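Quick notes on the structure that follows.
Just so you know, all these numbers are worked out from the coordinates, no wet-lab data involved. Note that the structure is predicted; figures quoted are calculated from it, not measured. Reconstructed Cβ throughout: ideal geometry from the backbone, glycine too, with neighbour counts over all protein chains shown.
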Amino acid sequence: MSKTYRVGLDIGGTFTDFVLLESGSGALHLHKRLTTPDDPAVGALLGLRELLDTHGLRVSDVSELIHGTTLVTNALIERRGSKTALLTTRGFRDVLEMGFEQRYDIYDLFLQYPEPLVSRRDRVEVDERVTREGQPLRSPDLEAVRRQVEALVASGVEALAICFLHSYRNPSHERAVAEYIRGRFPQLALSVSSEVVPEIREYERTATTVCNAYVQPLMARYLNHLERELEREGFTGRFYLMQSSGGSASPDTARKFPIRFLESGPAGGALVSAFLGRFLEMPDLLSFDMGGTTAKACLIMGGKPTTTPVIEAARVHRFKHGSGLPVKAPVVDMIEIGAGGGSIAGADSLGLLKVGPRSAGADPGPACYGLGGTEATVTDACLALGYFDPAYFLGGSMPLRMDDAHAALAGLGGRLELTEAETAWGVFRIVCENMAGAARVHIIEKGQDPRRFKLMAFGGAGPAHAARVARILGAPEVMVPQVSGVASALGFLVAPISFEFSRSYPSEVALLDWKEVNQLYRELEQQARAVLEGAGVERGDMRLERRAEMRFVGQFHEIEVEVPAGDLGSDSAAEMIATFEAEYSRLYHAVLPGYRPMVLNWRLRALGPEPEVHLGLEGRQRDGASYTRQDDAVVQARKATRQAYFPECDGFVPVEVYDRYLLPAGSRLNGPVIVEERESTTLANPGDVLTVDDLGNLHIEVGGV
């Protein structure tokens, strides 16, 4: 039987990560290289060649490539999308500026909102109308639409969003206009709200459709370029992209719905945490992913990451909810903190030390990279504190410059009247406090206690900070899995092909027209099967999961509940109400007596089969080539002793450094201790106890908790 190879490729803000999985044996091969910000595809293709060349493989040997990208996120933040126009119902031209008509910060006297992606002169009103029940009142004049679109094209518009009032109930007007435009203006990228997000609430629906149109040409060009280069290299396997929801999809789906890939990369981290948690019988944990630019925390419960139907993009104030563009698209529910290895330290207006959210990224990077950066970053602090070995960063392939780190920290310390060591420790401590504070809010908002969750730490910088973050949170243990430095890329390989469909049909449960609900689900299932077939999924391997967003009449927020399979009828009403009330009681510990439940949105998630991923996780050789058990004694795993800073020890003390690839199962080390591998470094603090399980995973029992 010939070997087959699958590749996970994660383009981050600072590093691009690669995982090569040999199906059958479960052998893993890892690689990491700096991202190329001007054209991320360049670094991705170069790194892919480097990884394959190392193991005597060609691109043609790869059967499947799953890719995560920050392209959509960066395009919205940096406003690098295409010139976009909007066709909307007469009288609704200003929905994008009216928004929610509320302040996201009542105390900010200089409140700012994101500028609409479409200027007012490019928002065109169409004479058409549909009632909220879906009854057509006035049909659009297609000849008038042609003249309007001609003027837009003449002004340089490349993408067009169509969003008519109540099209979620009756999309006939949108479809007629879209078909007419596609026939006469094939060069236009077209996004239709009844296809992108057929759900109630005009502002969110319009904003999401506009965002989708804005990045459509960019995503199409990027994928066309990447597919051409892969074909030139001889790639004939299947190519998928990771969605924000935690499922993979075909490039054709990405071209049509690029907004579904807004949080493409971070979703992989949550997926691999859930996968490994189930494997290690840890169904409830906190996924903690810290890379070069940001850190992400996601609560895993019952072996699954939670998801949410809406996310904000391109916030004016990065960490203020309500200051960005609302995007109605399913996404793994996580909190992002502007804290990564490249986060820049500085002084605030009061002369106090602060860290982030600005990041040095890959270009110029931290000062110690020697690529032109001069500002002190978290990586510079870790290097100066003795946590990182300058000669073994990325396994020695990217040596760090200690002198440049010292210079950057000394300069910052001089402005703050701190010693270099005090400055470095202040940077490290603040970034840990920031991450712990954000994670605590994320957990408590879900009604959970941070002290009952173990942390699963990964990412290039995660294992170095996780034990300190856990101590602040009161979490009892940190687990650092194998492949921790590139875990998000591995998460892509455990994700099934999937896509989520939705439709709004708001009604009290007691008043539902079940014939309409059944017809709605038949249409959604037909769409779902077509999408999965287009991604290469056999009909017999398809799985369909139904859910509905419900609330009590008069409430504003909904909760998701399961919907029974098969034809629905009056008997289904009692079952759905019971399910809703049970979930409502679990979340809020009470059910409102006398209030009537209603459904707002109906959802269908279509999934392909779970990938058969068998990982050989029994300890890894130094070069990362394969996983084989090591029986060497702990003493043989000791690499060196170096000075490292710990305030509990009143400064720098000698700390033993171990090679993770040589640490045998059953090892037990008292902190402080440092464990190094090619892609990351694990740090156990004084009072912590680090052990190695039978599968080579590191466990840190956090002291003082």
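Only one of 459, 474, 491 is touching a residue at least 60 places away in the same chain (Cβ under 8 Å), out of contact with any Asp or Glu (no Cβ under 6 Å at 6 or more places or on another chain) and under 27 Å from residue 243 (Cβ atoms). Can you tell me which?
None of the other options fit; the residue is 491.
Where the second residue is part of a helix (DSSP H, G or I) and not aliphatic (A, V, I, L, M) and the first is free of Cβ contacts under 8 Å to residues at least 60 places away in the same chain and closer than 20 Å to residue 70 by Cα and lies in the stretch 219-247, which pairs have Cβ atoms under 7 Å and are six or more apart or on separate chains?
Close Cβ pairs satisfying both conditions: 220/255; 223/251; 223/255; 227/251.
Restricting the search to the stretch 50-71, which residues are among the hydroxyl-bearing types (Ser, Thr, Tyr) and buried (at least 18 other Cβ atoms within 10 Å of the Cβ)?
69, 70
In the stretch 356-373, is there at least one residue being over 25 Å from residue 316 (Cβ atoms), of a type in the set (A, V, I, L, M, F, W, C) and surrounded by fewer than 24 Cβ atoms within 10 Å (Cβ to Cβ)?
Checking the stretch 356-373: at least one residue is over 25 Å from residue 316 (Cβ atoms), of a type in the set (A, V, I, L, M, F, W, C) and surrounded by fewer than 24 Cβ atoms within 10 Å (Cβ to Cβ).
Taking the conditions exactly as written (at positive phi and not in a strand (DSSP E or B)), does residue 540 satisfy them or not?
Here the answer is no, as residue 540 does not meet what is asked.
Determine if the stretch 86-95 includes at least one residue that is charged (D, E, K, R) and within 20 Å of the chain's Cα centre (by Cα).
Scanning the stretch 86-95, I find no residue that is charged (D, E, K, R) and within 20 Å of the chain's Cα centre (by Cα), so the answer is no.
Residue under question is residue 78, and the condition is that it be among the acidic types (Asp, Glu) and under 20 Å from the mean Cα position of the chain (by Cα); does it hold?
yes
Residues of the stretch 411-426 being of a type in the set (Asp, Glu) and part of a helix (DSSP H, G or I), which ones?
Hits for the stretch 411-426 are 420, 422.
Please go through the stretch 36-48 and pick out each residue that is within 18 Å of residue 490 (Cα to Cα), touching a residue at least 40 places away in the same chain (Cβ under 8 Å) and not aliphatic (A, V, I, L, M).
none
Among the residues that make up the stretch 495-508, is at least one of them in a helix (DSSP H, G or I) and touching a residue at least 40 places away in the same chain (Cβ under 8 Å)?
No, the stretch 495-508 contains no residue that is in a helix (DSSP H, G or I) and touching a residue at least 40 places away in the same chain (Cβ under 8 Å).
Quick test of your reading of the structure: residue 173 fulfils all but one of (1) over 36 Å from the mean Cα position of the chain (by Cα); (2) of a type outside the set (S, T, N, Q); (3) crowded, with 21+ Cβ neighbours inside 10 Å; (4) over 30 Å from residue 80 (Cβ atoms). Name the failing condition by number.
Checking residue 173 against (1) over 36 Å from the mean Cα position of the chain (by Cα); (2) of a type outside the set (S, T, N, Q); (3) crowded, with 21+ Cβ neighbours inside 10 Å; (4) over 30 Å from residue 80 (Cβ atoms), the one that fails is (1).
In the stretch 316-365, which residues are part of a loop (DSSP other than H, G, I, E, B), closer than 20 Å to residue 292 by Cα and charged (D, E, K, R)?
318, 363, listed by residue number.
Would you mind stating whether residue 83 is charged (D, E, K, R), more than 25 Å from residue 154 (Cα to Cα) and touching a strand residue (DSSP E or B) at 6+ places or on another chain (Cβ under 8 Å)?
Here the answer is no, as residue 83 does not meet what is asked.
Using the structure shown, decide if residue 205 is more than 25 Å from residue 99 (Cβ to Cβ), assigned to a helix (DSSP H, G or I) and of a type in the set (Lys, Arg).
Criteria not met by residue 205.
When the residues of the stretch 72-96 are filtered to those that are in contact with a Phe, Trp or Tyr (Cβ under 8 Å, 6 or more places away or on another chain) and not aliphatic (A, V, I, L, M), which remaining residue is surrounded by the most Cβ atoms within 10 Å (Cβ to Cβ)?
84
State the number of residues belonging to the stretch 175-202 that are in a helix (DSSP H, G or I) and of a type in the set (S, T, N, Q).
The total comes to 2.
List every residue pair whose Cβ atoms lie under 7 Å apart, where the two residues are 6 or more positions apart in sequence or sit on different chains, the first residue falls within the stretch 682-699 and is under 21 Å from residue 281 (Cα atoms), and the second residue, located anywhere, is hydroxyl-bearing (Ser, Thr, Tyr) and buried (at least 24 other Cβ atoms within 10 Å of the Cβ).
698/682
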